Amino acid sequence: MEELPWCTQCAGLAFLGFSLCVVALGAVLLLARRWPWCSCHVCRSYLTGSWARDFTNLGDWYAHLLRESPTGTVTVHVLRCTVTANPANVEHMLRTRFDNYPKGKPFAAVLGDLLGGGIFNVDGDAWRHQRKMASLELGSVAVRSYAYGIVAGEVEARLLPVLADAADNARVLDLQDVFRRFAFDTICKISFGLDPGCLELDMPMSKLAAAFDAASRLSAMRGAASSPLVWKVKRLLNVGSERELRKSIRLVDELAAAMIRQRRKLGVAGSHDLLSRFMASEAHGAGAVDDKYLRDIVVSFLLAGRDTVASALTTIFMLLSKNPEVAAAMRAEDAARDNTTPTSRTTYEHLKSLHYTHAVLYENMRLFPPVQFDSKFCAAADVLPDGTYVSASERVMYHPYAMGRMPRIWGADYGKFRPERWLTGAGGTFAPESLYRYPVFQAGLRVCLGKELAVMEMKAVSVAVVRMFDVEVVGENGAGAAAPRFAPGLTASISGGLPVRVRRV
Ligand code: HEM
């Protein structure tokens with residue numbers, strides 16, 4: 001082949017060099033747009049991790065920043081995230097301009113592999129349809145009394161015997177682990193009508209529970225990455241945490257599919273578990289019931305109903321151990337309103353009459369909300385009621401953990417565990433706070449659908465345990481300890497668990 005003249009070769013090389021420069025410049029500009037750059041003190045502390053010198057948890061640092069901010073709002077520029085503890089902003093996002101603050105695509109991507117198209121992970125019509133169906137089921141008397149029966153049975157037959165055994169053998173128990181197993185068994189029975197049998201302490205956690213744990217922990221790690229590029233590249237290459245996540249999701253899928261097959265075999269008529277109810281109501285509606293759709297709904301319910309309840313129960317007993325006078329007052333209220341023996345089954349009506357205990361649960365979740373923060377994506381640029389400008393596609397996070405620590409919401413004694421702040425009148429009637437000031441169950445159009453179920457479950461457990469036992473936390477979260485250290489995750493859990501000693505009353 002004839003060689004090209006040198007001037008043509010030079011022109012070719014120059015063109016190649018120029019093209020490379022354009023590509024490199026494009027890449028630099030893209031990175032500059034996407035990569036976290038900012039040197040304000042908040043961003044510097046975030047990026048260098050220097051906040052950890054003065055605060056135990058990231059949430060404590062945010063609470064400090066939000067208390068200092070005149071508007072109760074701060075922006076972490078490197079995360080393109082506005083964080084707020086201002087109730088007017090919370091109401092604006094969750095009710096007034098709900099359509100402008102969807103969960104958004106970035107959130108759907110982080111949890112999409114685990115939750116698929118389940119209620120937690122979708123917006124728009126897909127969400128509206130599931131919400132309607134789920135609120136019908138969870139609101140029905142039949143499902144509620146079925147759920148109460150499950151909870152009461154699990155408390156009586158499994159939870160109390162485990163605690164009694166620890167008390168009689170002077171064994172130290174990890175109460176967080178016990179409550180996680182209890183809550184998993186309970187929510188599986190409520191959701192599928194099937195028993196995974198986790199609360200046998202000498203048994204390893206069931207395969208489903210372990211796979212589910214790993215999948216939610218690893219999905220939460222995606223959300224904590226400073227740039228989504230990091231996990232997306234790892235997923236593409238199927239390496240590290242992403243490889244582990246893929247494996248655990250595959251196991252969750254297989255086990256969920258087995259449960260759905262089993263439920264089909266057993267039949268849904270006359271069954272009150274949520275899976276049967278969804279199968280029945282879908283069959284009455286559109287016709288075909290898709291297994292993948294059922295899997296996604298049910299996995300969302302497991303996530304919603306397990307770790308949240310376990311987290312709240314764990315911190316209740318941590319607080320009761322530090323405040324034995326509150327446990328004594330719960331016992332007195334229980335005894336005054338019921339004439340049953342310590343081991344007899346508590347009725348639903350009795351639980352409802354316990355206003356002080358109700359206040360204890362709410363006061364506990366004010367200080368230790370199971371979901372410590374929650375974020376949405378701003379669809380079109382907006383100005384929040386406190387004057388903060390939010391650009392399109394920026395993340396806006398409201399922070400229940402910080403909101404429970406704001407003097408402008410709770411007064412100067414916000415740091416004190418004081419259930420009485422929830423009671424009014426001579427008889428001490430429970431008075432709820434606006435959910436925009438206390439968005440522990442979220443608020444507005446996507447408020448938690450399992451709130452009543454969760455409160456009933458937590459009340460049933462705490463009343464039964466307090467009635468029979470004194471629980472003393474030992475180790476680093478015992479008497480005199482400052483704030484517990486939380487492990488990163490979708491739901492709050494205490495790093496290292498909660499070792500306790502149990503004594504019969
Ligand atoms: C102490 C216990 C609980 C707490 C603190 C809690 C809190 C929350 C929060 C903060 C959300 C909003 C999540 C988000 O959209 O990002 C939520 C949603 C939800 N919760 Fe709960 N939850 C609890 C227990 C339960 C239980 C036991 C169930 C059901 C069995 C449940 C079912 C749901 C469902 C279905 C949603 C989705 C609502 C929607 O997107 O429209 N929750 N919950």
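FYI, it's all coordinate maths here, none of it is from the lab. Predicted model, so just to flag it, every value in this text is computed and none were measured. Neighbour counts run over all protein chains shown; Cβ positions are idealised from the backbone, glycine included.
Phi angles across segment 363-378 convert, under the Karplus curve 6.51 cos²θ - 1.76 cosθ + 1.60 with θ = phi - 60°, into 3J(HN,Hα) values of 5, 4, 6, 5, 7, 10, x, x, 9, 7, 8, 8, 10, 10, 10, 7 Hz, Gly and Pro given as x. Around the amide H of residue 498, modelled in the peptide plane, lie the amide H atoms of 175, 176, 177, all under 5 Å away and 5 or more residues distant in sequence or on another chain.
Compute the angle between helix 451-468 and the longest alpha-carbon principal axis of the chain, please, reported from 0 to 90 degrees and rounded to the nearest 10. Compared with the principal axis, the helix lies near 50 degrees. The C-alpha atoms of the chain define a longest principal axis, and helix 228-237 lies at about 80 degrees to it. Using the alpha-carbon atoms, what tilt in degrees (0 to 90, nearest 10) does helix 58-68 show relative to the longest principal axis of the chain? Here the helix axis deviates by roughly 90 degrees.
Applying 0.36 nm per residue to the separation of residue 447 and residue 97 and subtracting their alpha-carbon distance, the gain on full extension is 124.5 nm.
The value of relative contact order for segment 41-504, using C-alpha pairs under 8 Å at least six residues apart, is 26 percent.
Think of the chain as a dipole: +1 on every Lys or Arg Cβ, -1 on every Asp or Glu Cβ, centred on the Cα centre; then among 303, 124, 484, 124 lies furthest on the positive end. Projecting the Cα positions of 56, 239, 324 onto the charge dipole of the chain (unit charges on Cβ atoms of Lys, Arg, Asp and Glu, taken about the Cα centre) puts 239 furthest along the positive direction. Note on residue 164 and residue 322: the extension gain reaches 54.8 nm, defined as 0.36 nm multiplied by sequence separation minus the Cα-Cα distance. Across segment 322-333, coupling constants 3J(HN,Hα) worked out from phi with the 6.51/-1.76/1.60 Karplus curve, θ = phi - 60°, read 7, 10, x, 5, 6, 4, 5, 5, 5, 4, 5, 5 Hz, and Gly and Pro carry x. For segment 293-408, a crude dipole built from +1 on the beta carbon of Lys and Arg and -1 on the beta carbon of Asp and Glu, taken about the Cα centre, is about 160 debye to the nearest 20. Sequence-ordered 3J(HN,Hα) estimates for segment 245-256 from the Karplus curve with 6.51, -1.76 and 1.60 and θ = phi - 60° stand at 4, 4, 5, 5, 5, 4, 5, 4, 4, 5, 6, 5 Hz, glycine and proline given as x. Quick check: the distance between the Cα centres of segment 213-269 and segment 137-169, to the nearest angstrom? After rounding, the separation between the Cα centres reads 28 Å. Selection among 230, 494, 461 by position relative to the dipole of the chain gives 230 as farthest towards the positive end (Cβ unit charges, Cα centre).
Rounded to the nearest 20, the Cβ-based charge dipole of segment 343-400 about its Cα centre (Lys and Arg +1, Asp and Glu -1) stands at 280 debye.
If R0 equals 60 Å, the separation of the Cβ atoms of residue 243 and residue 337 corresponds to a calculated FRET efficiency of about 0.65. Residues whose amide H falls under 5 Å from that of residue 469, counting only those 5 or more places apart or on a different chain, are 505, with hydrogens built in the peptide plane.
Residues whose amide H falls under 5 Å from that of residue 486, counting only those 5 or more places apart or on a different chain, are 495, with hydrogens built in the peptide plane. Put a dot 7 Å past the Cα of residue 418, heading toward its Cβ, do the same for residue 251, and the two dots end up 4.7 nm apart.
Only four residue types carry charge here, +1 at the Cβ of Lys and Arg and -1 at the Cβ of Asp and Glu. Report the dipole size of the chain about the Cα centre in Debye, rounded to the nearest 20.
Taking the Cα centre of the chain as origin, the dipole is about 340 debye.
Each DSSP beta bridge with both residues in segment 41-504 is either parallel or antiparallel, and the antiparallel ones are about 80%.
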